[in-house]
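To start, the structure under review is shown below, and the notes come after it.
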Amino acid sequence: MKKFLVGLGIVLVVAGFIARAEETTTITNRGQVIVIKLLDDVAADVKDLTVFQDHSIYATKPGEAGKIVRYYDFTTQGGAAGVTYLLPKVAIPANAVIRDGYIKVLTAVTPFTETTSNSLGIASAADVYAITTNGLLTTGIKATVPVGTAATAVDLSAEGYLYQTRTGAAITAGKYMVVLDYELAP
């Protein structure tokens, strides 16, 4: 993998001297998602190379347990209001019953005003983290909606992706990780 990244870095720098890059590039390689923001100008340096490795453990048979690990990072994903998928954007399997989880806020998600809110969801907009106006404003561990009971579990009838729904002001900073435990139902 090291040789691949070094080779990719050289290609990106060379490409920067030939043409101007305008978009973010995503490369998926055996469960590893590499998100690259390329060059702004012909003579500019590489701005950002962020590797979102999938640390999830996927269940493959009914009754098996799995763990989903997803990330949000303002510096890579931006902060516009609306829907943002957490990375790596890999499907959570159909028939997964999410029973427990937590959010680890590494950098406070700001700004927050009375008209700003965040929620996290898979099957619905707030089934993982309820709509709140200040819940991700401080660093540390935060509780998810699923807390180990049948009443709070999230049952996925189809594949799903973990996403953040943001209303109000755009995010200007923030980084967090979501970890969800699930079992695969028949």
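Throughout, read-outs are computed from the coordinates displayed, never taken from laboratory work. Since the structure is predicted, the reported quantities are computational estimates derived from the model, not experimental observations. Methodologically, a virtual Cβ is constructed for each residue, glycine included, from the backbone with ideal geometry; neighbour enumeration extends over all protein chains shown.
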Inset, instruction - Please work out the Cα center distance from the range 81-134 to the range 149-186, rounded to the nearest Å. - result: 5 Å
Inset, instruction - Give, as ranges by residue number, the residues of the range 108-134 whose backbone N falls under 20 Å from the point 7 Å along Cα→Cβ of Y161. - result: 118-129
Legend entry - Signed unit charges on C-beta, dipole axis of the range 54-184, positive-most listed residue T172, V154, V69: T172
Legend entry - T138 versus A151: modelled label distance in nm, points set 7 Å from Cα along the beta carbon direction: 2.6 nm
Legend entry - Simple label model, 7 Å out from Cα along Cβ direction - A126 to K61, nm: 4.0 nm
